[in-house]
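This report refers to the structure that appears directly beneath it.
Values in this text are rule-based calculations from the coordinates and carry no lab data. Treat the numbers as computed from the prediction; the structure is a model and nothing was measured. Note that we place each Cβ from the backbone using ideal geometry, even for glycine, and neighbour counts take in every protein chain shown.
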Amino acid sequence: MTSILKVDTIQKADGSAATAADLGITGAGAIKQIVVHQEDTIKTDGHVFSSTGTAYQLMSAANAADSTSKMEVTITPTSASSKILISVSCYCEPSHTSHDTIFTLYRNTSTRLGQADDSNRRGGIANIVGSLSSNEDSTMDSVNFTFQDSPNTTSATTYTLAFSSSSACNLFLNRTVAYGDSSGIERAVSLMMAQEI
């Protein structure tokens, strides 16, 4: 027989709330906090993000066609020695060559993370998975990855997803380029999660 214990809070004998350390959740690898941003809006009035060439375009609200959509998450580390594990699950469709689109992260909009560029070869963290390269209209793509960063700060730190394509393109978030009422046109939800460890 299996027993299930369900509680809302755990208190110490003196009535105060038990901390992670009180429960033995300490040391390397312990998760200190988790912050999640879920982007579930779907825009019908055009592209969400535009790039004019191979330079990375941050997927921040400032760069969104609607000035609100974004793929970013902000976390405030409790210790300067903490590592931050960022998880990305993004569903989108570029209007040009999905298989030539690469993604990376920026820390506080200025520090690019991941692989550096090498001559004409663009660097990043991950590319689109399962792209149907002959279709840039009604087949949604996805990029999913995790990345560990050491921001070395206790200040609020924002991680923003960014993309680069082989040429100018529009990136449609959570939808396909086409937006008709058809079973072949998908919609989705994207998210970013930052964990302090």
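As a proxy for reagent exposure, S50, S190 were ordered by neighbouring Cβ count within 10 angstrom, fewest first; the result is S50, S190. Per-residue extension of 0.36 nm, minus the Cα-Cα distance of S182 and N144, leaves a gain of 11.1 nm for this segment. Taking label points 7 Å from Cα along the Cα-to-Cβ direction, I197 and T153 give a separation of 2.2 nm.
Label-to-label distance, S16 versus I31, with points set 7 angstrom from Cα along the beta-carbon direction: 2.6 nm. Across the stretch 112-197, Cα pairs under 8 Å and at least six residues apart give a relative contact order of 24 percent. Just so you know, the Cα atoms of the stretch 50-192 work out to an Rg and Dmax of 15.4, 50 Å.
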